[in-house]
Amino acid sequence: MDREAQIMRGREAFSVQAWTAAFEALASAEAERPLDTADLELFAEAADMLGQSDHAVVLLRRAYTAHAEAGSVGRALRCAYWLCKLLAWGGEFAQSGAWLARAKRLALTQPGCPEYAYLGLLDAELHFRAGEFAQMLKVVHRLPDAGDSADPDLAAGTTMTRGLALVHNGDISAGLAELDDAMVAVAEGTVSARCTGMIYCVVIGACHELQELRRAKEWSESLAKWCAAQPDFTGVYRGLCRIHRATLLQLGGAWPDAVREARLACTQLTAGYGEGAAGGAFYELAELHRLRGEYDDSDRAYRDALSHGWDAQPGLALLWSARGRKAQAAAAMRRVLAETTDPLRRTRLLPAAVEILLSDGSGEAASFADELRDIARDHGAAALRAMAGQAVGAVRLAEGTAREALPPLREAGRLWRELAVPYEAARVGVLVGLACRALDDEGSAALELDAARQLFQRLGAGPDLARVQRLTGTEQSPLSPRELEVVGLVSLGRSNHAIAAELFLSEKTVARHVSNILGKLGVTSRTAAAAYAFAHGIVARDTAG
């Protein structure tokens, strides 16, 4: 196929978002002779969508230089925008800043260039990363009205950034309206693929932060369809999409699917550019391991999140608390709350602070529950109201006022069920059961606790299931006598071969027993099975000696 035919093939593949075909055709044409700048930009975007970010960076540098030398300042600034974002995702912040400065110098040669607004979007993003939300809003207010732009990416990006700035400056309703407006542009198909991925990720992320779960689910379903239509989309934004999907799957109770998505996100985001977001993937994976009682795996994933620049709190403090390190967990929550002033970011921390400080017995939990209730009252999101009711009810129950605990707890349970968040609904059910027990209504307590037990069992929430079994006097091992023997030897570090020899079994039979044990305990590794067995008394710790 001659060069011109390859270029036409590449353009056609690009137009239907067949990224691999577009990349290969344009690469073949480029190998014969350098592409012109318009095709070079298509080549760069295809590389970006395929996760070949190193290649995309090189191509965008070339496109920027070619546009600048030809006097096409606006097109050069657009290339600079995507180049700076790619470099930042790769953790190359110094290079990203240098290219932004270079682009600003170029913009001075053509005052009034509409694409100068791209550089304003980058400035706003820098303020956002630094938590300088007031400065971010000032930058956004200086940007031209999005409707005045003939560039769909610039218009949608401006709307998205304005929405994010308004949300983080307390104007939630106006901010959400802007974010929804940006999503309308995505739904209409007027923006580029990479801009579509960016907007999806930012909007769904903002919805998670605001606890706007219904909105997040709606946009996430739309995102899933968009991703399914282009199976070779594997770039940075695909990894981010997987993180959001894992979070929603976790909330919805599909924990094995959530683990799969989180692991895929970890793999994608550590394979090249995307290191700046990989911490979020490891954090989500750590949370899932923690909820399932896989504490060693959880600890490793939290450490991976930290190594990628992600704050591992409050999950790490909850893990420490679950492992009995109450004082360490409480100290971590006091420290991180003292550092965090933004109300929306505090809502991520306050429920964990209430839970940890109640178990610590320090008496500080009530003030944090009241703060969460006040934020929920101001912002109004159903999930925030559920979190607040759960926290306030838990505090009142701990204070010995069970009757006063029941109204906020029942309201929290209703909201979690409406939002289809079964794990939190079950946790509230345990508190309702304990409140009923404190009021001598043992019949209702038994019903509430049994309903929670069934949910925890279905989810694979081992630690919560064990707690309910202790509360109801029904704690027993889910393992058969033979499986108890096998897990005891697994806990001592024995191999399948050694276990087979000791129990006079075939290795195939031992392997089957180990597989059954992992399934029954809801864990994924021998180490996690041993830890679970120790933690839940299935195997006494002195067997290790």
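Worth a mention:
- Under conditions of 4 °C and 1.567 mPa s, segment 115-199 yields 103 µm² s⁻¹ as its translational diffusion coefficient, taking Rh as the Kirkwood radius over Cα pairs in the Stokes-Einstein equation.
- Working from the Cα coordinates of segment 209-324, the gyration tensor eigenvalues give, after taking √(5λ), semi-axes of 24, 17, 12 Å in decreasing order.
- The radius of gyration of the Cα set in segment 1-129, together with its Dmax, comes out at 15.2, 49 angstrom.
- Angle in degrees between helix 365-379 and the longest Cα principal axis of the chain, rounded to the nearest 10: 40 degrees
- Kirkwood-based shape ratio for segment 3-217, expressed as Rg/Rh from alpha carbons: 0.98
- Here semi-axes √(5λ) of the Cα gyration tensor in Å was calculated from the structure, and among (i) 48, 30, 19; (ii) 53, 40, 21; (iii) 62, 32, 18 it sits at label (i).
- Relative to one another, the C-alpha centroids of segment 377-409 and segment 46-121 are positioned 49 Å apart.
- Note on segment 335-472: Cα-Cα pairs beyond 24 Å make up 28% of the total pair count.
- Of every Cα-Cα pair in segment 159-274, the percent that sits beyond 16 Å: 59 percent
- Where Rh is the Kirkwood radius over Cα pairs, Rg/Rh for segment 352-399: 0.98
- Residue-averaged 222 nm ellipticity for the chain, from DSSP H runs of 4+ at -39500 (n - 2.57), nearest 500: -25000 deg cm²/dmol
- For segment 71-160, the share of alpha carbon pairs falling in successive 10 Å distance bins from zero is 17, 50, 31, 1 percent.
- Stokes-Einstein D (µm²/s) once Rh is taken as the Kirkwood radius of segment 428-477 over alpha-carbon pairs, at 20 °C in 1.002 mPa s: 202 µm²/s
- Over all distinct Cα-Cα pairs of segment 1-65, the Kirkwood formula returns a hydrodynamic radius of 11.2 Å.
- Reachable lysines, given that their alpha-carbon falls under 22 Å from the alpha-carbon of Lys520 and they are not under 8 places away in the same chain: Lys508
- The three principal axes of the Cα atoms in segment 25-94 give end-to-end lengths of 33, 29, 15 Å, sorted in falling order.
- Once C-alpha pairs closer than 8 Å and six or more residues apart are averaged by separation and normalised to the residue number of the chain, the relative contact order reads 9 percent.
FYI, it's all coordinate maths here, none of it is from the lab. Being a predicted model, the structure only gives us computed values, none of them experimental.
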